[in-house]
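The values are calculated or read from the model by the stated rules, or taken from the named source; none is laboratory data. Computed from a predicted structure; not experimentally measured. Because the Cβ atoms are built from the backbone with ideal geometry, glycine has one as well, and the counts that use them run over all protein chains shown. Side chains included, ligands, DNA and RNA excluded: accessible areas come from the protein's heavy atoms. Shrake-Rupley method; radii C 1.70, N 1.55, O 1.52, S 1.80 Å.
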Amino acid sequence: MDVTIHSAFLPHDDPDTALAFYRDVLGFEVRGDAGYGGMRWITVGPVNQPGTSIVLYPPGGNPGVTDDERRTIGEMMAKGTYAMITLSAGDLDGLFERLEARGAEIVQEPMEQPYGVRDCAVRDPAGNLIRINELR
């Protein structure tokens, strides 16, 4: 069986700010930008990996979410505890320097973890945690 990851979803609370971060700070390409009902779903991904994408979505766009749940999601996003993704990079230090220079919110500088991974962590403008592992 050949199964791959096609896309992961991360919430945004401001589509233009999210787009600027993933395109201009991380260097991802924009693959789609769809609007409906005043909301936007933006698909981005690494330039050399056309089969893997991140969809930046409005958490209020899910019709099955109640108003109370939307408030809770908003609170968790503001604290940075709602969503996360792990990326990887061949040049972790170079990527970290670029992220830092472009104003990314730094959570953790590159370091060796006790579980055998060297990584760093930043937050996107919506508070999503992005951990970046060094490829070995």
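If you roll a 1.4 Å probe over the heavy atoms of the protein chains, what accessible area per residue do you get for the range 77-136, in Å²?
Here the residues of the range 77-136 average 55 Å² of exposed surface.
Read phi for every residue in the range 63-78 and hand back ³J(HN,Hα) as whole Hz from Karplus 6.51 cos²θ - 1.76 cosθ + 1.60, θ = phi - 60°, with x for Gly and Pro.
3J(HN,Hα) across the range 63-78, in whole Hz: x, x, 8, 7, 4, 4, 5, 4, 4, 4, 4, x, 5, 5, 4, 4.
Please list 3J(HN,Hα) in residue order for the range 121-127, calculated via the Karplus relation 6.51 cos²θ - 1.76 cosθ + 1.60 where θ = phi - 60°; whole Hz, with x for glycine and proline.
8, 9, 10, 7, x, 8, x
HN-Hα J couplings of the range 8-24 from phi, Karplus 6.51/-1.76/1.60, θ = phi - 60°, integer Hz, Gly and Pro as x?
Working through the residues one at a time gives 10, 10, 10, x, 10, 10, 7, x, 5, 5, 4, 4, 4, 5, 5, 7, 8 Hz.
Given contacts defined as C-alpha pairs under 8 Å and at least six residues apart, what's the relative contact order of the chain, whole-number percent?
It rounds to 24 percent for the chain.
Over the range 1-71, give the accessible area per residue in Å² for a 1.4 Å probe, as an integer.
61 Å²
Given the options G90, G80, G61, state which has the largest fluctuation in a GNM of the chain using a 10 Å cut-off (strictly under) for Cα springs.
G90
Along Cα→Cβ, 7 Å out, is where each label goes; now give me the distance between the ones at N48 and A101 in nm to one decimal.
1.9 nm
Counting only protein heavy atoms, what percent of the accessible surface of the chain is carbon or sulfur at a 1.4 Å probe?
After summing per-atom areas, the C and S share lands at 52 percent.
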